[in-house]
Amino acid sequence: MHKFDRLTPLTISLLVLAPLLWAGNAVVGRLAVPLIPPLLLNFFRWSLAFLILLPMATWVLRSESGLWKNWRRFALLGLVGTGLYNALQYLALHTSTPLNVTLVGSSGPLWSLALGHFFFGMKVNRWQMAGAGLSIAGVATILARGKLEQLTSLQLVPGDLYMLMATISWAWYSWLLARGSEPKAIRADSSAFLLAQVVFGVGWSGLLAAGEWGLTDTKVDWGLPLLAVLLFVSIGPAVLAYRWWGMAVQRAGPVVAGFFSNLTPVFAAVLSTLFLGEAPRAYHAVAFVLIVAGIVVSSRR
């Protein structure tokens, strides 16, 4: 079994900044609902990310880089990490409530533990189980706005199932990152490693967007607001966050990283206050303490 490093200030910073950008992605994604269909948004996001990454790591596309000899692995990473996860998340937000979607997404650490146990030979200890409970309790607190009855009244809709598939896809992606088998030269260059995935991710997301375009009545509201949305989601949540997350998962492991991903709804609450005018409440602080406690407990040796 792979031995991961202890949490360091650099690793913690990477694990915190990525959820912060992904929280911004959620807020901006909601603002983009009337501007562009969800699967097309995901395609444009990764197409722009590809253009941004290309000058940084053009060499990875050459025949001698090792990318094409390992194309099956990178095609799989591109499918679960870039092609499916955000497409399913954007799609879920069109058919389910943000409360349900985020609650389903908070089950990520449990899916990471389950996948690790059943497919990657990981032994789940009591600290990880306790940490999962604390983190999920924190996420549930912020999602329920401090009222238990809001959780008990939830009902699953198709969007919840889409988000469940997205969450499983992300847990699988994190484990694939941690169990790397790609050429060392690609692994050592974060831009090249991400570009190798995005090459295939653009293809996967393009297929999904083409299906959406052909099967639904798609409309795009071109203009400066949409341009700003596309630039943000492609540079911040896509390029920067994925690079930082990949580096952090290699250092801390997918399970510990999964707990840090639960900071996303906390940051989303803060950003919603700033950009959507929603006032903070006391339960935000309670949730933050529970989530951080879960991270600390789960990382114990």
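The values are calculated or read from the model by the stated rules, or taken from the named source; none is laboratory data. Quantities reported herein were computed from a predicted structural model and do not represent experimental measurements. Every residue, glycine among them, receives a Cβ derived from its backbone with ideal geometry; neighbour counts consider all protein chains shown.
Go through the residues of segment 59-69 one by one and say whether even a single one is surrounded by fewer than 22 Cβ atoms within 10 Å (Cβ to Cβ) and either within 18 Å of Trp245 (Cβ to Cβ) or among the β-branched types (Val, Ile, Thr) (or both). Scanning segment 59-69 turns up no residue that is surrounded by fewer than 22 Cβ atoms within 10 Å (Cβ to Cβ) and either within 18 Å of Trp245 (Cβ to Cβ) or among the β-branched types (Val, Ile, Thr) (or both). Scanning segment 249-289 for residues that are among the charged types (D, E, K, R) and over 15 Å from Ala18 (Cα atoms), we see that the one that is surrounded by the most Cβ atoms within 10 Å (Cβ to Cβ) is Arg281. Restricting segment 290-301 to residues that are more than 15 Å from Leu15 (Cβ to Cβ) and surrounded by fewer than 19 Cβ atoms within 10 Å (Cβ to Cβ) leaves a set whose member that is modelled with the highest pLDDT is Ala293. For segment 44-124, the helices (runs of 4 or more DSSP H) that sit wholly inside it and include 1 or more residues that are of a type in the set (Lys, Arg) are 71-77.
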